[in-house]
Amino acid sequence: MTTQVESPPQRDLAAEPSWWERVNKATVAMLGVTVALFIGFGLASPNFLTFDNMSNLATQVAITLIVAIAMTFVITTGQIDLSVGSTVAFVAAMTAELLQLGLDSSLVIVVGLLAGLFWGSVNGWLSAYQNIPPFIVTLAAMSIIRGFALLWTEGFSVPIDRRLFVAKIGEAEFLGFSALAWIALATAVVGGILLSRMRFGRYVNGIGAQEESVRRAGVNTRRIKMITLMLTGLAAGAAGILTAARLGSGSANAAEGFELTVIAAVVLGGTNLFGGRGTIVGTVIGALITGMIANGLTLMGVSPFLTPIVTGLVLIAAIWINLRGRSLAQLFSHLTARRT
Amino acid sequence: MMSHESTDARAGDTLVTLEGITKSFGAVQSLRGVDLRLGAGEVLGLVGDNGAGKSTLMKVLAGAIRHDAGSITVGGRQVRFHSPADARSEHIGIVYQDLALCDTLDVASNLFLGREPRRGPFVDRGEMHRQAAEMLSTLHVRVRSTHQEIGELSGGQRQAVAIARAVSFQPKVLILDEPTAALAVAEVRQVLRMIREVAARGVGVILITHRLQDLFEVCDRITVMYEGRSVEDAAIADLDIETLVGMITRSNTTTEEAA
């Protein structure tokens with residue numbers, strides 16, 4: 001007997017789902033935390049919600065955000081880059097040293113970016129093509145790169161002439177916000193487009209979920225993984241130049257523990273620490289949260305030594321939401337899903 | 001059970017012929033001379049006990065493994081595959097058991113993984129979802145939306161998406177490795193129905209499965225493998241499940257014959 005199977009109901013399968021269905025639930029949770037922190041600090045300190053402080057906050061967050069945008073790609077592929085703090089210090093020290101040697105600012109900027117890209121390429125090649133876990137590669141690179149910077153500067157902070165173009169970048173402003181903040185915003189926009197609108201971003205997400213599936217689809221997954229680590233190197237190079245510009249000096253001891261702040265910002269925003277799901281909007285929110293905690297606590301007159309403790313606690317809470325939020329989101333979509 | 005036309009009526013022109021295929025891995029001889037024929041629009045069940053060489057044979061046909069001796073003829077031409085790309089260029093597609101999907105990407109992104117339609121440098125998401133919806137509707141794949149993440153789908157839906165992706169490459173031959181393993185009954189029916197629809201388009205389908213009841217639902221013919229050899233080839237209409245089990249286990253064959 002022939003079994004008749006009825007045709008499925010024809011709906012517009014391609015219809016764009018609602019905003020709530022599309023949105024990363026962990027990011028929404030963190031947006032809630034951001035709003036709560038805004039209100040909390042706003043009530044606790046009258047100076048918090050002023051334009052000057054918001055502009056100040058944007059500048060404080062900028063350097064973290066620039067590297068965090070690139071780190072979002074690395075973490076989304078299921079990798080990690082622990083060497084970004086050292087690369088920032090190396091490039092900051094190099095920028096100051098090269099300027100002292102009398103090199104032109106524009107050349108120093110190019111060399112600084114290339115240096116970051118070089119360290120990123122080394123990390124990427126060893127991880128993606130030599131199959132050494134990125135955790136190990138970048139942990140070793142963290143030590144080596146800072147070591148070179150220390151060797152070069154002998155541990156001294158190298159001053160930068162305030163009249164030079166590089167130093168002026170650190171002081172430049174536009175519409176009340178620093179050049180650093182605008183650069184960070186531009187990086188976030190480019191990162192957002194790259195991750196969500198281009199093939200590269202899809203492969204980054206896919207590799208973090210099931211690398212073998214992406215490879216079998218004909219994508220050179222090693223190259224994609226290497227490029228993501230080159231991006232963090234490049235971003236750390238830019239961050240190194242901007243750090244030197246902002247501080248007016250280059251030091252091999254700069255950006256200690258910076259990698260943890262960056263990783264915290266990425267994970268706080270809802271990017272899955274184990275890969276497969278990345279969000280640039282979330283990273284912006286995550287960077288804002290880490291910056292806001294430091295800024296708000298300082299304005300409240302709390303001991304600065306309390307800041308890392310609070311940041312750490314918020315990070316643990318965020319990771320809890322990152323892990324649990326997904327299962328809560330799945331439960332929610334299960335409850336609201338139409339039967340297919 | 002579904003009614004079947006005769007083998008010759010449904011099996012059109014011969015698409016693929018394998019003759020005397022052998023393959024060794026070191027001292028282990030996995031394939032000892034396999035013959036197989038597949039016609040257009042035909043569903044061929046490839047069965048055999050674990051270690052009989054089914055998967056190895058299919059990897060040879062899909063270009064994932066190079067065979068040692070024997071011949072592969074596709075569309076009347078003798079070919080030799082050095083890579084999966086070679087097999088794909090001969091329009092031979094395969095869906096492995098692990099499906100090769102990405103859980104965190106949506107249905108459309110999985111269907112077009114590695115060949116996303118673009119508008120300038122950007123992925124043309126509207127076009128991708130439109131084509132994906134069309135593809136799924138044609139094959140009657142039941143998903144809520146092309147925007148659904150693969151991780152949210154049931155096993156049957158995932159299998160259906162994987163088959164739809166393979167079909168979108170417009171294969172002449174489609175190999176399915178255990179597509180109904182670990183699926184719920186309703187989902188098995190969906191996948192089997194899809195196989196029939198694919199075959200109805202003139203695609204020759206090779207189905208590897210341990211679920212013998214599926215063979216009677218969907219196949220025209222079966223080839224039985226035993227210890228690296230093809231030992232039986234019969235129209236499914238001439239078989240019942242007990243005979244088939246006997247063929248697979250060689251329980252009605254003497255040791256000398258089996259060897």
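Mind checking which pairs have a first residue in segment B:118-129 that is facing chain A (nearest Cβ under 7 Å) and a second that is among the β-branched types (Val, Ile, Thr), Cβ under 7 Å, 6 or more apart or different chains?
Taking only residues 6 or more apart or on different chains, the pairs are B:HIS129/B:THR146.
So is B:ARG193 at pLDDT below 95, among the charged types (D, E, K, R) and either closer than 23 Å to B:LEU44 by Cβ or in a strand (DSSP E or B) (or both) or not?
Against the criterion (at pLDDT below 95, among the charged types (D, E, K, R) and either closer than 23 Å to B:LEU44 by Cβ or in a strand (DSSP E or B) (or both)), B:ARG193 qualifies.
Looking at segment B:63-84, I want the residues that are closer than 19 Å to B:GLY39 by Cα and have a partner that is loosely packed, with under 13 Cβ neighbours inside 10 Å with Cβ atoms under 8 Å, at least 6 apart or on another chain. Which pairs are those?
Final answer for the pair search is B:SER71/B:GLN78; B:ILE72/B:GLN78; B:ILE72/B:ARG80.
Looking only at residues that are assigned to a loop (DSSP other than H, G, I, E, B) and among the charged types (D, E, K, R) in segment B:99-117, which one is farthest from the other protein chains (Cβ to nearest Cβ)?
Restricting to residues being assigned to a loop (DSSP other than H, G, I, E, B) and among the charged types (D, E, K, R), the top hit is B:ARG115.
Are there helices (runs of 4 or more DSSP H) fully within segment A:16-120 with at least 2 residues that are farther than 22 Å from A:ALA318 by Cα and of a type outside the set (A, V, I, L, M)? List them.
A:51-76, A:84-100
If you take the residues of segment A:204-236 that are within 14 Å of chain B (Cβ to nearest Cβ) and among the aliphatic types (A, V, I, L, M), which of them is surrounded by the most Cβ atoms within 10 Å (Cβ to Cβ)?
Per the stated criteria, the residue is A:VAL204.
So that you can scan it fast, the table gives a plain yes or no per residue for (1) within 14 Å of chain B (Cβ to nearest Cβ); (2) in a helix (DSSP H, G or I); (3) small (Gly, Ala, Ser):
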position	(1), (2), (3)
A:ARG146	no, yes, no
A:ALA149	no, yes, yes
A:TRP152	no, yes, no
A:ASP161	no, no, no
A:TRP182	no, yes, no
A:LEU185	no, yes, no
A:ARG202	yes, yes, no
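crowded, with 21+ Cβ neighbours inside 10 Å and at positive phi: which single residue out of B:GLY53, B:GLY45, B:GLY41, B:GLY76 fits that description?
Within the list B:GLY53, B:GLY45, B:GLY41, B:GLY76, the selection yields B:GLY53.
Return the total of residues in segment B:82-98 being hydroxyl-bearing (Ser, Thr, Tyr) and facing chain A (nearest Cβ under 10 Å).
1
Considering each residue of segment B:126-177, count those that are within 13 Å of the chain's Cα centre (by Cα) and assigned to a loop (DSSP other than H, G, I, E, B), and give that number.
Number of matching residues: 2.
Between residues in segment A:277-304 that are touching a residue at least 40 places away in the same chain (Cβ under 8 Å) and residues that are among the aromatic types (Phe, Trp, Tyr) and in a helix (DSSP H, G or I), which pairs lie under 8 Å by C-beta distance while being six or more apart or on different chains?
What qualifies is A:GLY278/A:PHE73; A:MET292/A:PHE38; A:MET292/A:PHE41; A:ASN295/A:PHE41; A:GLY296/A:PHE41; A:LEU299/A:PHE41; A:MET300/A:PHE41.
Can you tell me which residue in segment A:141-188 is surrounded by the most Cβ atoms within 10 Å (Cβ to Cβ), limited to those that are farther than 23 Å from A:THR64 by Cβ and of a type in the set (Lys, Arg)?
For segment A:141-188, the residue satisfying everything is A:ARG162.
The values are calculated or read from the model by the stated rules, or taken from the named source; none is laboratory data. This structure is a prediction, so every number in the text was calculated from the model and none was measured. Please note: Cβ atoms are built from the backbone with ideal geometry, for glycine as well, and neighbour counts cover all protein chains shown.
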